[in-house]
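The values are calculated or read from the model by the stated rules, or taken from the named source; none is laboratory data. Owing to the predicted nature of the structure, the values given are computational and were not obtained by experimental measurement. Quick reminder, even Gly has a Cβ in these numbers, built from the backbone with ideal geometry, and neighbours come from all protein chains shown.
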Amino acid sequence: MPPAETSQATHDTEPKTSAQPSASQGQPTNGSTATHPSTPGPSSVQAAATPPANEEKLSNAELKKRAKAEKQAKRAQKKADEGVPPTQTGPSNPLRSAQQQQRQRAPPTPREASIPLPSLATTRQQGRQTQSQTRPLPHRLAHSTPQSQQETQVVENKNVALFEHLYKQPRRTTIAGVSKDVYRDVLAEGKSRLKHYAEPADNIQMIESYVTPPGTSLPRNLTLLLSPQIEYLGSCRSLSMSTRNAIRWLKLLINDVDIETAEEKAKSDLCEAIDNFIREKIIIADQLIASMASSKIKDGDTILTYAKSKVVTKTLLQAHAQGTKFKVIVIDSRPLFEGKELVQELAAAGLDVQYSLTHAISHLMQSASKVFLGAHAMLSNGRLYSRIGTAVVAMNASKLAKPVIVCCESIKFTDQLALDSIVTNEIVPPNELLLPEREGQERKQALASWRELPNLQLLDLMYDVTPADYIDMVITEYGSLPPSSVISIYRLSLST
Amino acid sequence: MASSAESPHEAGKQSFDIVSTYRSLLLSDPELTMPVAAIEALVSLLQNSPSLSTISEILDLLASNAEKLKQSIANPISLSAGTDLFQRYIINSLQRGGPAGAAGDFDAIRAHLLTNGRLFVARAKEARRMIAQTARQFIKVGSTVLTNGGSRVVSAVLQAAAEAQIKETGAPRFRVVYAVSASYKNSYGDGGDTAEGTATVTALRRLAVPVAMISEAAVAYSMGQIDVVLVGAEGVVENGGIISRMGTYQMAVLAKASGKPMYVVAESHKFVRVFPLGQQDIGVDQNVLNFTTKVEEVIETGLLTPKANFASRRIAGESITPDLDGSGYFGKDALHDSKNADFVDYTPPGYISALISENGVLTPSAVSEELIKIWY
């Protein structure tokens, strides 16, 4: 996204007040599951009490804009949660951590702020209801009530407005409140997913644990049994494309089980099918891709890659093992530094590696001869959905007419499409952008108290979308193809 | 290209020489293209190998002979399109099952394969006529067409267009600009008859189509007066780009820069599962840039001497006689024009407005889908 747009959007939604740091992160604000002016100072109460007038002050255009944004967010969310009932609460939550702490106590409520919730009429919810009904986007309120500005202690919305919908994505931090139906293996998998932001390509393997423990349940019950597992996984982090494809496949498979089949046989059949699926779609696919892609590496090449992708790692190591003489440039970025792992692996294997961060990309690209990229998903319009920063690398490569090759298993192909990185994405708690505090350091890190700094929002996204124009070739287990053929391979892989 | 060279089957080798069959096929019919000739050679190979008794033997034999064919010529891209397609076709028809499939008895399978193979060749030959009928509509009355090389499909298209316009209006109402490789003059000095595409030019002029012959260096100069660029291809690669006569790429770049549409006419048996990332990745070792400090080289070999490069490569590598007459390349035409016939370049799909095959008009991105249809 162009920076100009960001700054504009940010500016647009900026409250005029200088926010007080009163409700900084983690403060257990007396029962307000939801949003925000969590410090119940008298002035904020006043503010909450005067809303209808404020509501009217919003211009039509503003209202429209807001409605549109909400709708869009809802749609994206719905899509993202396919089959997962919304576990998430309330409208814009400015304080993520506070919200996360509260989430386990919060019963699931509809996302739609304007729907009254008569059945959940505890005092807590009531408070929230009034808030959400009257002040759906609190910073607007601040904006439109200049008379109360001086005394109001409004908490600034620290979410970037353009990405507001993404903050609603569930992100579970503890296992408290998890349905008792969720199996232990799944729990563990979910927990590890919390720790590792790098999505493992083979997280389909968790499905194995869905099936093996079901004990006495009939095949028909299995589907029912599956949903809490999937829901739980989805609540840890939004599900990746490959996971979703695998789940869809598994559900179809279970539906196809003949009800007459003996339970033991049905179970062993299912497990076998799952094993085969994992072998075919991930293990063998990876090997095939690595061998095809490594044949594209020639003597004297300089391969540039970004962050770390399993298949790309495999490809580079295989090409090296085959005796091809080539150099590797690894471009990395904060805050994940996945490339460091890759560099270690490659260097240990004896490859000639150069490591740098994205700022050096336009310089380093000149000495590269090919660019290999991994994928989180290949979208049906041929675009690549991958670790944020990939698009910049691909753009630089295509500006210099360097071939850009994406290595991607067909299980990551999807019929979804995206035109930008805004609608579908994942937000990382922005604190991760901050540099860690060093021992014995006198001064605090510059942004350590960013929540107290007025007019400042941090944004840390997980993915971006690379236009198909920047991609020359996609290597899958079916062979190499142009990005325009992603959709036909997707159909093909559905049918097999 | 999946075929392996070290196939164990050597039985058919003594009795049947695939390479000479292929060459004599090409020589006997000037209308025959390399992939079709290769397929025909493979069909007659099957016919002449009665000792085969299992399917895997058939496949091995096909693979080893296809590889031998590929080795025998300098640039096997076009040929491999034919052999790969045929091998795939055989596998598919074996997988189909039934009396002629894997379940049937072996003689039936062989007979089935032979008839299918013939059908295949017949269809491939028919393709050119169908392309001409489709592509001639792209040549509008009053337009000027730029072309190059010695493509027989292009020739068929231009003649079909001329004939159609004669039928409708009494005379052909388009002009042709024929870009001829400058290097043939270096090699022959006298130009004239030896130029590649001379046959096409003559045929067109007989039909009263005005034809201008220009050197490749004059393409950019002439581009302003051109309405449409029409070229053939040796192979259509997976992303919809083409591998074609050296000079096509620069023509495409110039056409794009001037906003002129460029159409490629090629039979679908030229679609090949090759995916070059650039000029150096075509899969043929052309050694175009031949750096030297020897002064006499200029006089001895001229500017473009692929023959020398190829010959050295081939002689070094294999025992097969160097194909010095170039007949392995473009059939009979190439016999007269061996000096510059061998170089090819790769035109990326972004420069191509449309590909016209017997299956209709395709965008470059549709090529990969066609290939996926064939292969899966």
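Considering only residues that are assigned to a helix (DSSP H, G or I) and either under 17 Å from B:M262 (Cβ atoms) or in contact with a Lys or Arg (Cβ under 7 Å, 6 or more places away or on another chain) (or both), which ones fall in the stretch B:129-151? Talk me through it step by step, then tell me what you get.
Applying the first criterion (assigned to a helix (DSSP H, G or I)) to the stretch B:129-151 yields B:129-138.
Residues satisfying the conditions are B:I131, B:T134, B:A135, B:R136, B:Q137, B:F138.
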Exercise. Just checking, how many residues over the stretch A:381-409 are within 13 Å of another protein chain (Cβ to nearest Cβ) and of a type in the set (G, A, S)?
Worked result: 4
Exercise. Only one of these conditions is not met by A:T305: (1) in contact (Cβ under 8 Å) with a residue 40 or more places away in the chain; (2) outside any strand (DSSP E or B). Which number is it?
Worked result: (2)
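Which residues, counting only those in the stretch B:21-40, are in contact with a Gly (Cβ under 9 Å, 6 or more places away or on another chain) and either surrounded by 24 or more Cβ atoms within 10 Å (Cβ to Cβ) or closer than 16 Å to B:A66 by Cβ (or both)?
The answer is B:Y22, B:R23, B:L26, B:T33, B:M34, B:P35, B:V36, B:A37, B:A38, B:I39, B:E40.
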Exercise. Looking at A:L435, A:L447, A:L417, A:L453, which is the one that is without any contact (Cβ under 8 Å) to a residue 60 or more places away in the chain, out of contact with any strand residue (DSSP E or B) (no Cβ under 7 Å at 6 or more places or on another chain) and under 30 Å from A:N276 (Cα atoms)?
Worked result: A:L417
Exercise. In the stretch A:270-290, what residues are under 22 Å from A:I329 (Cβ atoms) and more than 14 Å from chain B (Cβ to nearest Cβ)?
Worked result: A:A290
For this session: Kindly check whether there is at least one residue in the stretch A:457-477 that is aromatic (F, W, Y) and either modelled with pLDDT of 85 or more or exposed (fewer than 14 other Cβ atoms within 10 Å of the Cβ) (or both).
Result: yes
Seminar exercise, completed: Considering the stretch A:291-311, residues that are within 11 Å of chain B (Cβ to nearest Cβ) and not polar (S, T, N, Q), and then whichever is surrounded by the fewest Cβ atoms within 10 Å (Cβ to Cβ), we arrive at A:G300
Exercise. Among the numbered criteria (1) in a strand (DSSP E or B); (2) within 14 Å of another protein chain (Cβ to nearest Cβ); (3) of a type outside the set (S, T, Y), which single criterion is violated by B:G240?
Worked result: (1)
Problem set entry | Boolean, A:S495 is under 27 Å from B:S365 (Cβ atoms), within 14 Å of chain B (Cβ to nearest Cβ), over 25 Å from the mean Cα position of the chain (by Cα) and surrounded by 20 or more Cβ atoms within 10 Å (Cβ to Cβ) | no
Exercise. Is it fair to say B:R245 is within 14 Å of chain A (Cβ to nearest Cβ) and of a type in the set (D, E, K, R)?
Worked result: no
Seminar exercise, completed: Heads up, the helices (runs of 4 or more DSSP H) in the stretch A:231-301 (entirely inside) with at least 2 residues that are more than 26 Å from the chain's Cα centre (by Cα) and touching a residue at least 60 places away in the same chain (Cβ under 8 Å) are A:263-278, A:285-294
Exercise. Where residues in the stretch B:359-376 are surrounded by fewer than 17 Cβ atoms within 10 Å (Cβ to Cβ) and facing chain A (nearest Cβ under 8 Å), which of them is nearest to A:L492 (Cα to Cα)?
Worked result: B:Y376
For this session: Please state which one of A:S484, A:S398, A:S480 is over 23 Å from the mean Cα position of the chain (by Cα), assigned to a strand (DSSP E or B), crowded, with 16+ Cβ neighbours inside 10 Å and hydroxyl-bearing (S, T, Y).
Result: A:S480
Seminar exercise, completed: Taking the stretch B:169-199 and keeping residues at pLDDT 75 or above and closer than 19 Å to B:V219 by Cα leaves B:F174, B:R175, B:V176, B:V177, B:Y178, B:A179, B:V180, B:S181, B:G197, B:T198
Exercise. Out of the stretch B:198-232, which residues are in contact (Cβ under 8 Å) with a residue 60 or more places away in the chain and under 17 Å from B:F174 (Cβ atoms)?
Worked result: B:S222, B:M223, B:Q225, B:I226, B:D227, B:V228, B:V229, B:L230, B:V231
Exercise. Of B:V274, B:V201, B:V253, which residue is in a helix (DSSP H, G or I), within 14 Å of chain A (Cβ to nearest Cβ) and at negative phi?
Worked result: B:V253
For this session: Filter the stretch A:253-286 down to residues that are at pLDDT below 75 and either crowded, with 16+ Cβ neighbours inside 10 Å or basic (K, R) (or both), then give me how many there are.
Result: 3
Seminar exercise, completed: Of (1) under 28 Å from A:H320 (Cβ atoms); (2) over 26 Å from the mean Cα position of the chain (by Cα), A:G440 satisfies every one except (1)
For this session: Could you figure out which of (1) away from every other protein chain (no Cβ under 14 Å); (2) under 20 Å from A:V393 (Cα atoms); (3) not acidic (D, E) isn't true of A:V423?
Result: (2)
For this session: Scan the stretch A:457-486 residue by residue and report those that are over 19 Å from B:G278 (Cα atoms) and within 9 Å of chain B (Cβ to nearest Cβ).
Result: A:Y478, A:S485
